[in-house]
Amino acid sequence: MRSTLVSQFGDPRQVIALVDAERIPPGPGEVEIALCLSAINPSDLIPVTGAYSARTTLPFVPGFEGVGIVARVGTGVTTLKPGDRVIPIGTSGLWQEYLVRPAEWCFAVPDDIDDHQAATSYVNPLTAIRLIEALKSHFGSLTSRRIGVTAAGSAIGAMLVKLIAGEGAGPVGIVRSERSAARLASDAAGEIVVADESRVPSGLAFDAIVDAIGGPFAGELIGQTLQPGAAFIQYGALSGVPVPIPAIQARPDVRFSFLWLRTWVHTAGRPAMEEAFAQSFAGLRTGLFSSRVAHIYPLSRLDEALAHQADPQRDGKLLLDTRC
Ligand SMILES: NC(=O)c1ccc[n+]([C@@H]2O[C@H](COP(=O)([O-])OP(=O)(O)OC[C@H]3O[C@@H](n4cnc5c(N)ncnc54)[C@H](OP(=O)(O)O)[C@@H]3O)[C@@H](O)[C@H]2O)c1
């Protein structure tokens, strides 16, 4: 089967190889999934660079999110049958034609959710739901809170802006260009601030910030915009640099936390995850969790897909068609 493999850490465009691999029969309790569409997310590429080398074992097949059809079931599987459409989670390995996963880690996709929607129904919607829960556990109610969302031009950024508005709070989407601002404005209602990484505009004041950038820009936001008693939740580091420790130490009044979907997924239990997927599918039906798809590449043209992923002009998610 067609597969991909990372055998050494480095630039994703140089170290992710297209390879032939053997199909593995499903063992007891497992299913083999013929994957259809897989997403390319920043979180797929970060482990490839070696950023998490202490907890990443080489070699590995990248890809945390996608949808496919059950092809074969192992002994003892009663919940799934060949032909069922599922989202397999809890591991990387979705950038290939077939994947074997325990049936327990596969979630059925309702018929009215198409493959494009299903392929982006997991990582960002479930993380956005967790981030809103984290904000609510800090404040109780979010009503009238002013909440900054950095990298609001990202797929999850738009979801967060919409979710925060839905809680009766005031979202402020922080984007790095007028182009991103126009795109976000067409996707979600709410205030939008354009600020590149070199400068925080004056006059901003937030009760909370959800941050996917990190680095000096996050440090400036913490120092200049957070109200006393605010919350700062980091869930990404698109700048490639951590939030400066002195910026955190200078604000003992602020509650800092880091949210990682993976931690929740491996502790929440199946009923909580089923509930989260139900919320995601409901949000896909209304457009709340829709991700703009810029292009679908055959997996065999992974090099072009990775070049496009690195292009700052990219205008939405890229998907891989793992069947060709
Ligand atoms: N912690 C978790 O469990 C978790 C889960 C899901 C996602 N995440 C994180 O969330 C972030 C966004 O993910 P995504 O899938 O939504 O990404 P995405 O749709 O691929 O969007 C990334 C966009 O963010 C904007 N951006 C990139 N670098 C930026 C920077 N330095 N400053 C400001 N904006 C920047 C760009 O939009 P413009 O070109 O329009 O500016 C870029 O297109 C990533 O860091 C990802 O790792 C974390």
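Within the range 194-224, the set of residues being within 27 Å of S137 (Cα to Cα), free of Cβ contacts under 8 Å to residues at least 40 places away in the same chain and part of a strand (DSSP E or B) comprises G214 only.
Screening D111 against (1) surrounded by fewer than 19 Cβ atoms within 10 Å (Cβ to Cβ); (2) in a helix (DSSP H, G or I) leaves a single unmet condition, (2).
The single condition from (1) more than 16 Å from the ligand (Cβ to nearest atom); (2) within 23 Å of E167 (Cβ to Cβ) that I222 fails is (1).
Just one of the numbered conditions (1) away from the ligand (no atom under 13 Å from the Cβ); (2) of a type outside the set (S, T, Y); (3) in the same structural domain as G166 (by TED's automatic domain parsing) is not true of E274: (3). Checked against the criterion of being more than 13 Å from the ligand (Cβ to nearest atom), among the β-branched types (V, I, T) and either buried (at least 23 other Cβ atoms within 10 Å of the Cβ) or not assigned by TED's automatic domain parsing to the domain that holds F217 (or both), the candidates I164, I156 yield just one match: I164.
Applying the criterion of being of a type in the set (G, A, S) and not assigned by TED's automatic domain parsing to the domain that holds G140 to the residues of the range 227-271, the residue that is farthest from L45 (Cα to Cα) is G269. Limited to the range 224-279, what total is found for residues that are modelled with pLDDT of 95 or more, farther than 21 Å from F107 by Cβ, β-branched (V, I, T) and surrounded by 14 or more Cβ atoms within 10 Å (Cβ to Cβ)? So the count comes out to 5.
Tell me, which residue of the range 167-179 that is part of a loop (DSSP other than H, G, I, E, B) and over 23 Å from R314 (Cβ atoms) is farthest from the ligand (Cβ to nearest atom)? The extreme case among them is G168.
The values are calculated or read from the model by the stated rules, or taken from the named source; none is laboratory data. As the structure is a prediction and not an experimental result, all values here were calculated from the model. Positions of Cβ are backbone-derived with ideal geometry, glycine not excepted, and every protein chain shown enters the neighbour counts.
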